[in-house]
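The values are calculated or read from the model by the stated rules, or taken from the named source; none is laboratory data. The model shown is predicted, which means the values in this text are computed figures rather than measured ones. Cβ atoms come from the backbone with ideal geometry, glycine included; neighbour counts cover every protein chain shown. The accessibility values were calculated without ligands, DNA or RNA, using every heavy atom of the protein model including side chains. Shrake-Rupley method; radii C 1.70, N 1.55, O 1.52, S 1.80 Å.
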Amino acid sequence: MKRRRMSAECEMDHSYAMPNVNDNSNALLKKIQNVYANKLLNDITLVVGGISYPAHRFMLCISSDVFETMLMNSTWSDSHQEVIELQEVQQCIEVFPVFLQYFYTGVITLEQSNIMPMLVLADKYNVKDLTTLCVEYMCEHIADAADQGQLVTWFQYVLSLNQPTTINASYYCKIWQDIDCMEIKPPWNKLLKACRNYIKWNLDSCTKCFNTFQCDILVGLLKQSDVVVHDEMQLFGCVASWLNYQSAEKLLECNDSDTIEDYMSSLTEHVMSYIRYPMILPRQMAQLLMVPVVKQNKDFFVDKMAAAMEYNLIKTEKRSDSEHILECTPRLYTCERWGNSFRVRTKVIQNYQSIKREIVTCSSLFDRERELNEESNWEIEMYLKGMCFGKAMLVSWRGSIEVPEVIIKTVRATIKMKLRPEDIGKVARHVRVAILVYAVQNKIVHVVTVVQKVVLFDTNQNLITIDDLMVYDAVNQPTTNEDLIHINDTNVSYFMSDRVPLKFHVIITPIITGLTDTHVGTRIQHVHF
């Protein structure tokens, strides 16, 4: 719950005028509140959901551009009426008295139960300050919205307000990609980005709202390679649940079993086409045969599974069309096959000292029996306390120059490929490296930052460096709960308390040229930034 107050006070010279202005403005505000509370001098009545609300044209006009046009523009029929009936949906009807009261008091209590209808009203009537407050609240409660099954609704609502005139299939991919939120203007761009990235990177905490996805928006998500899931089977399960929900909804609309069967068969083939079946292990394929949606669409799924098995049984490495590039590109899988997570307690780390962890990943993209033992060893090194380069002498043909000590305040990560002596000069690894950084919002732990980089590790380059992985000041902060420094203005911290360590997850997946997508480059993306 959040209480916010908008002040109507003007900026004055603090040396002498501010106390009087405060007294006068507070007294005026109390009078305005009294006029509203006691229904004095009202000159218009708003009827919403059959309930009458006495109001004042002046307050409506100065608070809302839409009301100003309705009531002051003589070409509008409402401008001559003393009673105006407003058509609102049921959720907005329930919060309308609080919405109207805000015009007079400048005070409102926002919480999960009323935030969505309040935002709808604020946007509909163009109450700009309230719209900004609602968006700020939502950005501060992204994790709560997912936990309560509202996040997808928030995301799709923001999209509905900012849809272009022409929409095609590429649009639904674009909305899930990091391209400045499609030039959406503030404050919507911040909220859209926060919702979008939270959903992509914390899909396991969005199960309560996953079934509310619109079909085209879900398909756009399934086309993305930076979705964080345990494995492809988990994503398959989410989509199967979504299909079951759509079937139940269709049953409420139509009693014709044949119509429903045809509809669901078409919908299943459309959505399930974007599951990456080659990324499902052969031993997991047998589990799919027990899923009801697979039994009901056996021909479709058997074809998909048979094509996927070819990659694991036959060395088929030369397919360059875009469909197979997506099929054979791993997402950000958190299972042990592709990486591991580790936790760090900053209290035990000295300034400029690094910490090291080792992980082992599978070197082959597919689960071929003869390649099961092929593994890659990696050394992960984190510099959470900055870096210090001591004094040194630079020797050149002109003489020696003393280089002063340099301290760099950055959070740096290095990833090194470890090779046995006999592998040097013989082994190369073309991979996508991803680092997931976890943080806390309202006691809910989630992925807040994702780093991705495509790299060719070989004898010439067996180490990469990534700087500014995290906000330096937010990591190197006091460790008492009261003194936590937030990453930004959306109450997100890397620490829940001094007892909860930092958490990372490193994912390294192989790339096969011509078969897997390499259009990642080097990107550092954040949920709330």
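Amide H contacts of residue 386 (H built 1.01 Å from N, in plane; Pro and chain starts excluded): 352, 410, 412 sit under 5 Å, all sequence-distant by 5 or more or on other chains. What length, rounded to one decimal in nm, is gained on full extension from residue 444 through to residue 379, with 0.36 nm per residue of separation minus their alpha-carbon distance? Answer, rounded to one decimal: 20.5 nm.
Here the chain exposes an accessible surface that is 50 percent carbon and sulfur, computed with a 1.4 Å probe and the other protein chains kept in place.
Taking label positions 7 Å along the Cα-Cβ direction at both residue 389 and residue 488, the computed distance is 3.0 nm, reported to one decimal. Taking amide H atoms as placed 1.01 Å from N in the peptide plane, the amide H of residue 85 lies under 5 Å from those of 47, each 5 or more residues away in sequence or on another chain. Placing R0 at 41 angstrom, the Cβ-Cβ distance between residue 78 and residue 204 gives a FRET efficiency of 0.25 after rounding to 0.05. Solvent exposure of the chain amounts to 50 Å² per residue of accessible area, where only protein heavy atoms count and the probe is 1.4 Å. Scattering from the C-alpha atoms of the chain alone, worked out with Debye: what is log10 I(q)/I(0) at q = 0.06, 0.13 1/Å? Those come out to -0.41, -1.32, one per q. Can you figure out the FRET efficiency of residue 183 with residue 129, using R₀ = 25 Å and their beta-carbon distance, to the nearest 0.05? It comes to 0.60.
Of interest is the spacing of the C-alpha centroids, which for the stretch 123-147 and the stretch 424-493 amounts to 28 Å.
Considering only alpha-carbon pairs that sit under 8 angstrom and 6 or more positions apart, the relative contact order computed for the chain is 12 percent. Taking a ≥ b ≥ c as the square roots of the eigenvalues of the Cα gyration tensor, an a/c ratio of 1.5 or more together with a/b no larger than b/c marks the stretch 97-168 as oblate.
With r defined as the distance between the Cβ atoms of residue 245 and residue 396 and R0 fixed at 51 Å, what FRET efficiency is calculated, to the nearest 0.05? Please list the in-between numbers first.
Values: r = 70 Å, r/R0 = 1.38.
Efficiency, rounded to the nearest 0.05: 0.15.
Between residue 252 and residue 286, the modelled label-to-label distance comes to 4.0 nm, taking each label 7 Å out from Cα in the direction of the beta carbon.
With both labels modelled 7 Å from their Cα along Cα-to-Cβ, the residue 424 to residue 223 distance reads 4.7 nm. How would you classify the stretch 380-420 from its alpha-carbon gyration tensor, with a ≥ b ≥ c the square roots of the eigenvalues: rounded for a/c under 1.5, else prolate if a/b is greater than b/c, otherwise oblate? Verdict is oblate for the stretch 380-420.
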